[in-house]
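K.L.:
Can you read through this structure? Questions will come right after.
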Amino acid sequence: MQVHARARDYPQSQFGGVLPHEAELTAGVRIQPGRSYGFFTDTTRCIGCKACEVACKEWNNLPADNVGLTGMSYDNTGALSANTWRHVAFVEKIAGPGGGPAEMPPYQSQWLMMSDLCKHCHNPPCLEACPTGALFKTEFDTVVVQQDICNGCGYCVPACPFGVVELSETDGKAHKCTLCYDRLKGGLEPACAKSCPTDSIQFGEIADLQSRAAERVEQLHGLGVASAYLYGAPGSPGATGDLGHLNAFFLLTDAPEVYNLPRAPTRASNRVRPSLATGLATMAGFALAAIALLGRRA
Amino acid sequence: MSDAYRGETYYGRSQLKPSPFGFMVSLYIYLAGLSGSAQMLATIGDLFGGRAARGMVRRGRWLAMLGTVCGPALLIADLHTPQRFYNMLRILRTSSPMSIGSYILTTFGLTSTVTAAAQFLADRCGWRRLLGVARAASVPASVAGAGLSVYTAALQSSTSTPHWAVSPRSLAMRYGASSLATAAAALSLGEHRFGDPRTARRLDALAFGALLVEWIASARARGDLRRTGVAAALSGSAPERLERAAAGWGTLLPAGLFGASLLLGDRGRRASRSASLLTLASGLALRHAIMLAGNESARRPAASFAMAQPRNLPHMES
């Protein structure tokens, strides 16, 4: 990426405070309320360093979930949770006959790594399920839980089609990625994207990211990676079932399920009307039957 | 017919998070349905049943207080920040059955309390005029009661939990039918014990019909689960077996007993009582089995990946 022209204004290596519109220097984007922001996570560039996980925990003051080893791969984080808002998945593609290791492709490219997070759906099922209004859409088109309103009912947890939101046992509130709402307000790039050393995580305006992602897919196809595709961009897997596009979308090279992503998630609130209507019709039928049975009186 | 999901998973780890709801919420769903439907039957008895239904009307109004008192207590106890329970009425969100349900429960609770209080004063102090107040309050209470009997199905279906999400219509029918069957069974018990045997028989007939509707709706739900591949991922699990028992024997056995009792006439009281008790037990078992099966389906990636296949878009049921 090109260095921004404003970089020349700051030749020193130590600063007295936060630079105005710092994201312009680090991500090439000026953050303004009323516009749509998100992440494009290009998994072909992920090296599995987990800097994003660490940066997220550091900035958001999140405690460790568990400090043991899962024993399944280099993924010792396991899953997104109330305290883990970035999670790097590790998949080793070894499919040799008889279970033994197959021929190793060059550059360790049998490894798939993906930094997962809240997708910040265009039509977020967690928000649509929230009965208190704690979940809301910010001025940056991201989805955030207001901690001073959430009463820990937990309905957003099963509503999420990606298994992202979780209740914290510590404080009894729902937690998930805020897309660094506080940093965006201060003109800063989100912590995970800023810390990503390979630009696998790219922060920016959605329209810009989507065209950048489409170019990247073309480029990869040209290089012979025919399996590259977008997940969560309009019209692609992940952006199905009336969810709309995902503000945090991905470039993948294997089936969504391999990365623990649903191929065709749906918008849960579309089921409210058919279910309620059928239920009330059933009750109306029973009411008529009860009138017929109990009403035959002298 | 579709089969189990046989594709890859991420080390067999869950793709979804199960709801944090457990037995307290299952019990709430059960009591809400029982009370809501009891209020509806009491109002119908009051408006159309004449003198003979008076006892049933009174007992139905008392039964409605069960949900009014226990419902909010169970729900608030289940919150993880219970001191903020009032935030449930901070907004109305029509896309959230939990928000809709908060208003249904509030309306039901207030109107049912007025109904029961007026009935109590009319009975105890002889203020017969208050029966008009009871009747006026019981009409909105029974409309809310009908909602209370079924909105919990919409609440579960409007999630991404596979077992609940794939059969929104059938689940609502199951809950509606089970709510009505349990309410009729409870009122029939009271009628046999203290009241009018003819009213009891009519309630038995109602419970009999509702149990058959529940059985049919459960069979439909089973079809939804099979078609979407969710059933295969759950087969053999403990919640699935409990659900089968509750939806199968739990409906057919009491329905058979109610049928026998209706054929036997006056000699059928014991059969009716057994049927009522079985209906009441299987209603709770059904709610809890569906709760557990839903949570288990969210834990199993084979269930969530089976549901989230393009062939299950956009309408997941027939």
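K.L.:
Taking the condition of being open to solvent by 10 Å² or more (accessible area, probe 1.4 Å) and either outside any helix (DSSP H, G or I) or outside the structural domain of residue B:74 (by TED's automatic domain parsing) (or both), how many residues in the range B:93-152 meet it?
P.N.:
7
K.L.:
Additional query: Please tell me if residue B:77 is open to solvent by less than 10 Å² (accessible area, probe 1.4 Å), more than 30 Å from residue B:254 (Cα to Cα) and either part of a helix (DSSP H, G or I) or not assigned by TED's automatic domain parsing to the domain that holds residue B:298 (or both).
P.N.:
no
Residue-wise test of (1) open to solvent by less than 30 Å² (accessible area, probe 1.4 Å); (2) at pLDDT 95 or above.
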{"site": "A:84", "(1), (2)": "yes, yes"}
{"site": "A:97", "(1), (2)": "no, no"}
{"site": "A:101", "(1), (2)": "no, no"}
{"site": "A:105", "(1), (2)": "no, no"}
{"site": "A:116", "(1), (2)": "yes, yes"}
{"site": "A:122", "(1), (2)": "no, yes"}
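K.L.:
Would you point out which residue out of B:219, B:232 is closer than 30 Å to residue B:6 by Cα, touching an Asp or Glu at 6+ places or on another chain (Cβ under 7 Å) and open to solvent by 30 Å² or more (accessible area, probe 1.4 Å)?
P.N.:
B:232
K.L.:
Here's something else I'd like to know. Which numbered condition in (1) farther than 30 Å from residue B:201 by Cβ; (2) in a helix (DSSP H, G or I); (3) open to solvent by 30 Å² or more (accessible area, probe 1.4 Å) is the only one that residue B:62 fails?
P.N.:
Against the list (1) farther than 30 Å from residue B:201 by Cβ; (2) in a helix (DSSP H, G or I); (3) open to solvent by 30 Å² or more (accessible area, probe 1.4 Å), residue B:62 comes up short only on (1).
K.L.:
Taking residue A:52 as meeting all but one of (1) assigned to a loop (DSSP other than H, G, I, E, B); (2) under 20 Å from residue A:193 (Cα atoms), write down the number of the exception.
P.N.:
Exception for residue A:52: condition (1).
K.L.:
Kindly indicate which of A:152, A:163 is under 25 Å from residue A:79 (Cβ atoms), open to solvent by less than 10 Å² (accessible area, probe 1.4 Å), more than 15 Å from the chain's Cα centre (by Cα) and within 14 Å of another protein chain (Cβ to nearest Cβ).
P.N.:
Numbers: A:163 fails: more than 15 Å from the chain's Cα centre (by Cα).
Answer to the check: A:152.
K.L.:
Sticking with this structure for a sec: Return the residue satisfying two criteria in turn: it lies in the range B:16-31 and is out of contact with any Lys or Arg (no Cβ under 9 Å at 6 or more places or on another chain) and at the interface with chain A (Cβ under 8 Å from one of its Cβ atoms), and of such residues it is most open to solvent (accessible area, probe 1.4 Å).
P.N.:
B:20
K.L.:
Kindly check whether there is at least one residue in the range A:219-238 that is among the β-branched types (Val, Ile, Thr) and touching a strand residue (DSSP E or B) at 6+ places or on another chain (Cβ under 9 Å). Spell out how you get there, then give the answer.
P.N.:
Here is the first cut: in the range A:219-238, the ones among the β-branched types (Val, Ile, Thr) are A:225.
With the extra rule that they be touching a strand residue (DSSP E or B) at 6+ places or on another chain (Cβ under 9 Å), the set shrinks to none.
No, the range A:219-238 contains no residue that is among the β-branched types (Val, Ile, Thr) and touching a strand residue (DSSP E or B) at 6+ places or on another chain (Cβ under 9 Å).
K.L.:
Could you please find all residues in the range B:181-212 being more than 24 Å from residue B:51 (Cβ to Cβ), facing chain A (nearest Cβ under 9 Å) and in contact (Cβ under 8 Å) with a residue 24 or more places away in the chain?
P.N.:
First, the residues of the range B:181-212 that are more than 24 Å from residue B:51 (Cβ to Cβ): B:181-182, B:208-212.
Those still in the list that are facing chain A (nearest Cβ under 9 Å) too: B:209-210.
Result: B:210, single match.
K.L.:
Those residues that are away from chain A (no Cβ under 14 Å), within 19 Å of residue B:141 (Cα to Cα), out of contact with any Lys or Arg (no Cβ under 7 Å at 6 or more places or on another chain) and not polar (S, T, N, Q), I need them from the range B:85-126; list them, please. Full working, then the answer.
P.N.:
Start the filter on the range B:85-126 by keeping residues that are away from chain A (no Cβ under 14 Å), which leaves B:107, B:109-126.
Filter once more, keeping what is within 19 Å of residue B:141 (Cα to Cα): B:107, B:109-122.
When the remaining residues are screened for being out of contact with any Lys or Arg (no Cβ under 7 Å at 6 or more places or on another chain), the result is B:107, B:109-114, B:117-118, B:120-121.
B:109, B:110, B:114, B:117, B:118, B:120, B:121, listed by residue number.
K.L.:
So which residues in the range A:1-21 are over 20 Å from residue A:186 (Cα atoms) and in a helix (DSSP H, G or I), if there are any at all? Give the steps one after another, and end with the answer.
P.N.:
If we filter the range A:1-21 for residues that are over 20 Å from residue A:186 (Cα atoms), which is where we start, we get A:1-3, A:5, A:8, A:11-13.
Selection gives A:5, A:8.
K.L.:
Can you list the helices (runs of 4 or more DSSP H) found entirely within the range B:237-318 that contain at least 3 residues being under 18 Å from residue B:30 (Cβ atoms)? Can you show your working first?
P.N.:
Numbers: elements: B:238-247, B:249-264, B:269-299, B:301-307.
Per the criteria, B:238-247, B:249-264, B:269-299.
K.L.:
Do you know which residues across the range B:261-318 are more than 17 Å from residue A:266 (Cα to Cα) and within 14 Å of chain A (Cβ to nearest Cβ)? Lay out the reasoning, then the answer.
P.N.:
Let us first name the residues in the range B:261-318 that are more than 17 Å from residue A:266 (Cα to Cα), namely B:261-293, B:295-296, B:299-300.
Result: B:262, B:290, B:291, B:292, B:293, B:295, B:296, B:299, B:300.
K.L.:
Any chance you could count how many residues in the range B:71-84 are in contact with a Pro (Cβ under 7 Å, 6 or more places away or on another chain) and either at the interface with another protein chain (Cβ under 8 Å from one of its Cβ atoms) or at pLDDT below 95 (or both)?
P.N.:
Our first condition is that a residue be in contact with a Pro (Cβ under 7 Å, 6 or more places away or on another chain); within the range B:71-84, this holds for B:76.
With either at the interface with another protein chain (Cβ under 8 Å from one of its Cβ atoms) or at pLDDT below 95 (or both) added as a condition, the list becomes none.
So the count comes out to 0.
The values are calculated or read from the model by the stated rules, or taken from the named source; none is laboratory data. Not measured: the values here are computed from a predicted model. Every residue, glycine among them, receives a Cβ derived from its backbone with ideal geometry; neighbour counts consider all protein chains shown. Ligands, DNA and RNA are stripped out before the accessible areas are found, and what is left, the full protein with its side chains, is counted by its heavy atoms. Shrake-Rupley method; radii C 1.70, N 1.55, O 1.52, S 1.80 Å.
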